[in-house]
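> Quick one: this structure, given as C-alpha cells, is what I'll be asking you about.
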C-alpha cells in the first residue's frame, strides 16, 4: 500500500474534485465518519458544512484541507468492508480518528485506491500538525496495515518493475473528456508528484499527457502580471479549446506557487540526479554501439523517458529525461555535460546537426514553452532563484553586473 498526503487551503476544491469523479461514474462515496448518518443520505452542502464549520474555528491556519490517497496493488480486489476498516485504521494511526472524514473509492486508474477528504482543525480550534506526518505516523501506520490486512508491501513492489503506480493520469482527449476536470486531474497529480525546477521542465512532463502551462508572450498583460493558464494539446502539439486559469484549478498551481516549488525542488535533486546519471552511465557501458531507437528502448526498461525535441525539419535542438521511478525531470546537460543533446546525438547518430550549430535567423526556431521565462521588473526574484528560472547566460550577465566596480572620478587639481 502507498499512502500520499496532500494539504491545501480549499476544502470546497477538495470536495469538488471527488464529487466530480462521482458524477462521472469514476468514484463512489463509501464512508462518512463522524457525520451522524449514512453517506448516501448526505448532499454536497452537508458534506462541506461539517468540514468548513471546523475550519472556521481557526482563521489563522494557513492549511485546513487534508486530501489523502491510499493506493493498493493492482492485484488486490478488496471488499468495501475491508476498505472501511483500512481507512479507519489509517486515520486513527495518523491522529485523525476523531476528525470527520469522507472516503471515496476511485475507479479512474489501473489500480484500486481511496481518496480521503478531511480537515486538520479540531473542535477546540487547535490544528493537527502536518509537519513530517507522511514520514512518521503515516509510514508506521502504513506498514502496520500491510501486516494486519495481508496487503502487498510497498517496499517489495518498489524492487520490481513497473511496481505500484499511484495516480497515473490518462492522456486527455479533447472533446471526449470534460476539459477542466481532466486538466485538473493531470496537473494536480503531476505538479505534486514530480521534481521540476522551471516551467519548461514542467511542460516537458505535462505534454506527455496533452497539457501545456502557458504564461503568455512577453508583451501580453498576462505575462506582465505573472498569470498562467493550462490548455489541452492535440496530437500535433497544438493548443485547442478554452484555456483554464491556474487559480481555477484545485491546489492553485499558479506561477507564484510554482516558483516556490521550483526552489523547493532545486534543493532536493541530488539523489534523483545521481540515480539517473548512474543509470545512464551503466546503459552506455553495457551498450556502447546502440543507436537512438535502442537507447530509448533501454531507458524505458528503467522507467525513464528520453524526450528528444526536434523542429519541423526533424533536427534536434534539445533533450530531456523524465525519470518515472524517482519522479524527476532533467535537462540532459544538467545531468552531465556529456549527456547534453549535442553530445548524445554525436554518440547515437554521428553526423546529425543540432539547430544550435546553425545560424538562427528567427527567434521562433525554439518553441515558446522551452524558453526560460523572463521576470518583469515589478516581480524581483532573489539571485539564487534566478539561477534556476533564468537562462545560464542571462544569469551570468546578472552576476557580472552585480560585481562591476564603479569608476572613480578623478579629482580636479
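> Using a/c under 1.5 as the rounded threshold, could you call the range 60-99 rounded, prolate or oblate? The axes a ≥ b ≥ c are square roots of the C-alpha gyration tensor eigenvalues, and prolate needs a/b larger than b/c, oblate otherwise.
Prolate is the answer for the range 60-99, as a/c is 1.5 or above and a/b outweighs b/c.
> Suppose a student asked you for the relative contact order of the range 196-284, using Cα pairs under 8 Å spaced at least 6 residues apart; what percent would you report?
The normalised contact order for the range 196-284 reaches 23 percent.
> State whether the range 2-158 is rounded, prolate or oblate according to the following rule on the C-alpha gyration tensor (a ≥ b ≥ c being the square roots of its eigenvalues): a/c under 1.5 gives rounded; otherwise a/b larger than b/c gives prolate, and the remaining case gives oblate.
Taking the square roots of the gyration eigenvalues as a ≥ b ≥ c, the range 2-158 is oblate.
> Another question, if that's okay. Which shape class applies to the range 179-254: rounded if a/c is under 1.5, otherwise prolate when a/b exceeds b/c and oblate if not, where a ≥ b ≥ c are the square roots of the Cα gyration tensor eigenvalues? The partial results should precede the final answer.
Working: a/c = 1.32, a/b = 1.17, b/c = 1.13.
In terms of gyration-tensor shape, rounded.
> Still on this structure, please answer the following. How high is the relative contact order of the range 2-158, in percent, with contacts defined as C-alpha pairs under 8 Å that are six or more residues apart?
About 32 percent, as a whole number.
> Measure off 7 Å from each Cα along the Cα-to-Cβ vector at residue 274 and residue 61, then give the distance between these two points in nanometres to one decimal.
3.8
> I would also like to ask the following. Provide 84, 53 in ascending order of the number of other Cβ atoms located within 10 Å of each residue's Cβ, fewest first.
Lowest to highest Cβ neighbour count: 53, 84.
> Another question, then. Would you mind getting me the FRET efficiency between residue 122 and residue 78? Use the beta-carbon distance for r and R0 = 30 Å, nearest 0.05.
0.50
> At a 10 Å Cβ-Cβ cut-off, how would you order 232, 2, fewest neighbours first?
Least to most surrounded, the residues fall as 2, 232.
No lab work stands behind these numbers, since they all come straight from the coordinates. Nothing here was measured: the structure is a model prediction, and the numbers come from that model. For neighbour counting, all protein chains shown are included, and Cβ atoms are generated from backbone atoms with ideal geometry for every residue, glycine included.
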